[in-house]
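In what follows, a structure is listed as structure tokens, so that the remarks can point back to it.
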Amino acid sequence: MSAPFIPVNEPLLDGNEKKYLNECIDSGWISSEGPFVAEFENRFAARVGRKYGVAVSNGSVALDAAVAALRLGPGDEVIMPTFTIISCAAAVVRAGATPVLVDCDPRTWNMDVEQVRARIGPRTRAIMVVHLYGLPVDMDPLLELASTHGLAIIEDAAEMHGQTYKGRPCGSFGELSTFSFYPNKHVTTGEGGMIVTNDAQLADRCRSLRNLCFVPQRRFVHEELGWNFRMTNLQAALGLAQLERLDEFLQRKRAMGAHYLQLLGDLPTIQTAPAQTSYASSVFWVFGLVLADEIGFDASEAMSRLAQVGVGTRPFFWPMHEQPVFKTMGLFGEDRHPVAERIARRGFYLPSGLAITTAQVEAAAAALRRILQ
Ligand SMILES: Cc1ncc(COP(=O)(O)O)c(C=O)c1O
């Protein structure tokens, strides 16, 4: 009999999740009007050192709301990494603004700060910072650039719950910072997201955009277009129970990363991002790796070989400048970003969920070793 499949992610839901969900059902509060929403917003914002939290239906729309709240639009440029999820560029494009892309650092896979400096021009209004996979972006030089050039920072901390940069929480750096609560995140609500900020007006504007821009005085009369991006009480109940365990979850993730490194760190045919830099210790949101050039096949072949032996994986992001949808729109015509192009083709991640067992890490690592021999 073959061993059971090791999923790329499985959440841990064995804290107060059921208790809080039962409270929703017993009280009848299941919509976004229920009390868990505000409680989750307040506790989550406090955890990342911000004054306000605005819970929304996922991390992608959190970015749409952030871009809209900052009133970015036609003629405005937003500098962002090419190596990220499409949600980042989509939010900017949907607002009618223009994404301007930078490549990533080959060591950390995060956006290359020197390239950001080079791409600032007269139309630049904002930098969208995206922390990827385990390490935060090197924020100090970016904060300095933003302040020198009067640029807003939108910080996509979707993958960084609980991570810090030089001791300061990820999610505390943007005019608006966003999170995702998809089940592969350190805090999940099934689907969900949050915008955090210290700016009362921006928080109000995000709340309004999330709720169809209702005007309190004249319900159903609108002066602006918003969306229904509301989070339900059920989702917030789940989120609150998860948030209570964030420190334990971070420990688990770091232990998982250390274990994988212990088992695979000697392999010359894979590159992993550093576990430790001068500004952060990786939180191993996922255990990502890039195949060295001497391996005669790419990530998709490696992933299919691993799937055949029961190991789930996910490919790395596909760069924005290589997205068919953006090419069709005439965006990023001559852009070349060799680091992102390479790691997109040769990078993927191993099973990394919070519920992963020691035996599963060992089996996944052994399977990888076998296919690379
Ligand atoms: C960096 C980053 N930004 C945004 C998102 C979008 O979040 P969601 O899946 O909740 O829409 C993700 C999702 O995984 C992400 O990794």
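The values are calculated or read from the model by the stated rules, or taken from the named source; none is laboratory data. The shown structure was predicted, so the numbers you read here are calculated from the model rather than taken from an experiment. When we count neighbours, we look across all protein chains shown, and the Cβ atoms used for this are built from the backbone with ideal geometry, even at glycine.
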Discussion item. Any residue in region 184-213 that is in contact (Cβ under 8 Å) with a residue 40 or more places away in the chain and over 13 Å from residue 57 (Cα atoms) sitting within a Cβ distance under 8 Å of a residue that is within 11 Å of the ligand (Cβ to nearest atom) and acidic (Asp, Glu)? List the pairs, counting only those 6 or more apart or interchain.
Written reply: 185/159
Practice prompt. Confirm whether residue 210 is basic (Lys, Arg), buried (at least 24 other Cβ atoms within 10 Å of the Cβ) and under 27 Å from residue 86 (Cβ atoms).
Written response: yes
Worksheet entry | Unmet criterion (only one of (1) within 14 Å of the ligand (Cβ to nearest atom); (2) under 15 Å from the mean Cα position of the chain (by Cα)) for residue 92 | (2)
Worksheet item: Regarding residue 21, is this residue closer than 24 Å to residue 210 by Cα, modelled with pLDDT of 95 or more and surrounded by 22 or more Cβ atoms within 10 Å (Cβ to Cβ)?
Response: no
Worksheet item: Can you pull out the residues in region 141-194 that are β-branched (Val, Ile, Thr) and either part of a helix (DSSP H, G or I) or within 12 Å of the ligand (Cβ to nearest atom) (or both)?
Response: 148, 154, 178, 187, 188, 189
Response to the item:
Reported set for region 281-297 where residues are farther than 20 Å from residue 158 by Cβ and touching a strand residue (DSSP E or B) at 6+ places or on another chain (Cβ under 7 Å) is 289, 290, 291, 292
Discussion item. Here's a check for you: in region 327-341, which residue that is assigned to a loop (DSSP other than H, G, I, E, B) and aliphatic (A, V, I, L, M) is surrounded by the most Cβ atoms within 10 Å (Cβ to Cβ)?
Written reply: 331
Practice prompt. Identify, from the list 344, 363, 359, 367, the residue that is loosely packed, with under 15 Cβ neighbours inside 10 Å, small (Gly, Ala, Ser) and not in a loop (DSSP other than H, G, I, E, B).
Written response: 359
Item to complete: Could you tell me whether residue 324 is under 23 Å from residue 131 (Cα atoms) and surrounded by fewer than 21 Cβ atoms within 10 Å (Cβ to Cβ)?
Response: no
Discussion item. If the requirement is being modelled with pLDDT of 95 or more and on the phi > 0 side of the Ramachandran plot, which of these qualifies: 174, 150, 193?
Written reply: 150
Item to complete: Select from region 109-130 the residues that are within 16 Å of the ligand (Cβ to nearest atom) and not in a strand (DSSP E or B) and write down the one among them that is farthest from residue 290 (Cα to Cα).
Response: 110
Fill in: Condition check for residue 160: in contact with a Cys (Cβ under 8 Å, 6 or more places away or on another chain) and more than 20 Å from residue 197 (Cα to Cα)
no
Worksheet item: For residue 79, which of the numbered conditions (1) part of a strand (DSSP E or B); (2) under 30 Å from residue 365 (Cβ atoms) fails to hold?
Response: (2)
Fill in: Members of region 161-182 found to be of a type outside the set (Phe, Trp, Tyr) and out of contact with any Leu (no Cβ under 9 Å at 6 or more places or on another chain), listed by number
164, 166, 167, 168, 169, 170, 171, 172, 174, 177, 180
